[in-house]
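Please read the structure below before turning to the comments.
The values are calculated or read from the model by the stated rules, or taken from the named source; none is laboratory data. From a predicted model like this one, the values you see are computed outputs, not experimental measurements. Positions of Cβ are backbone-derived with ideal geometry, glycine not excepted, and every protein chain shown enters the neighbour counts. The accessibility values were calculated without ligands, DNA or RNA, using every heavy atom of the protein model including side chains. Shrake-Rupley method; radii C 1.70, N 1.55, O 1.52, S 1.80 Å.
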Amino acid sequence: MNIQSRLLTVDFFNCKGESFSNEEALRVKVSETLAALDLIPLQTITDVQENGHISLMALLPDGHLALHVHPDLRHVSLDIYLCCEDAALDPIAHVMRNIFQPEKIKSTHLRRGDFRAPSEIRPKTTTRVAPIRKIKSTGAKVIRILARRNRG
């Protein structure tokens, strides 16, 4: 049987974009992004919790987009679900990445309605780190190595 739909989950860590701390700005950005990709939301719902956590759900003709924004943690989680066998979810995630400007990204692709053998059904997970973050991490490792050499 063919795949019925696709789901992409993305975590954006250490976001720099300022557009995610305001509910209305977030709603506008998401609507513009989806419209640019020919995905016109049927309805968009947002909610702001007391701690500043913003939830956004955009109902699409053949799926949905859900965002959970934690401004205090500089973290955004994104779920994109489209009921289409050949749905291209990465362009949506790419545009969202440009909005939030994260240092690190973890994404997982899932195929829903996949009736192959359980051993063949595995999510595809990808982690990306921004170049400046790689430089900081490498620099910290070099400093630790040099510090150990100086002690010994």
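Just a few scattered comments:
- Filter result (loosely packed, with under 15 Cβ neighbours inside 10 Å and of a type in the set (Gly, Ala, Ser)) within the stretch 78-91: ALA88
- Matching option when the condition is modelled with pLDDT of 90 or more, in contact with a Ser or Thr (Cβ under 8 Å, 6 or more places away or on another chain) and more than 25 Å from ALA35 (Cα to Cα), among LYS124, LYS104: LYS104
- Residue check, GLY113 at pLDDT below 80 and either open to solvent by less than 60 Å² (accessible area, probe 1.4 Å) or touching a Cys at 6+ places or on another chain (Cβ under 8 Å) (or both): yes
- When we screen LEU60, LEU78 for residues that are modelled with pLDDT of 90 or more and under 20 Å from GLN4 (Cβ atoms), the only hit is LEU60.
- Every residue from the stretch 49-58 that is open to solvent by 70 Å² or more (accessible area, probe 1.4 Å) and within 17 Å of the chain's Cα centre (by Cα): MET57
- Residue pairs meeting the criteria (Cβ under 8 Å; at least 6 apart or on separate chains; first of a type in the set (D, E, K, R), in the stretch 52-63; second part of a strand (DSSP E or B)): ASP62/LEU82
- Considering residues of the stretch 25-45 that are over 24 Å from LEU110 (Cβ atoms) and out of contact with any Leu (no Cβ under 9 Å at 6 or more places or on another chain) only, the residue most open to solvent (accessible area, probe 1.4 Å): GLU32
Here is a yes/no grid of residues against (1) open to solvent by less than 70 Å² (accessible area, probe 1.4 Å); (2) more than 28 Å from VAL129 (Cβ to Cβ):
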| position | (1), (2) |
| --- | --- |
| LEU8 | yes, no |
| GLU23 | yes, yes |
| ASP47 | no, yes |
| LEU67 | yes, no |
| VAL76 | yes, no |
| ALA93 | yes, no |
| SER107 | yes, no |
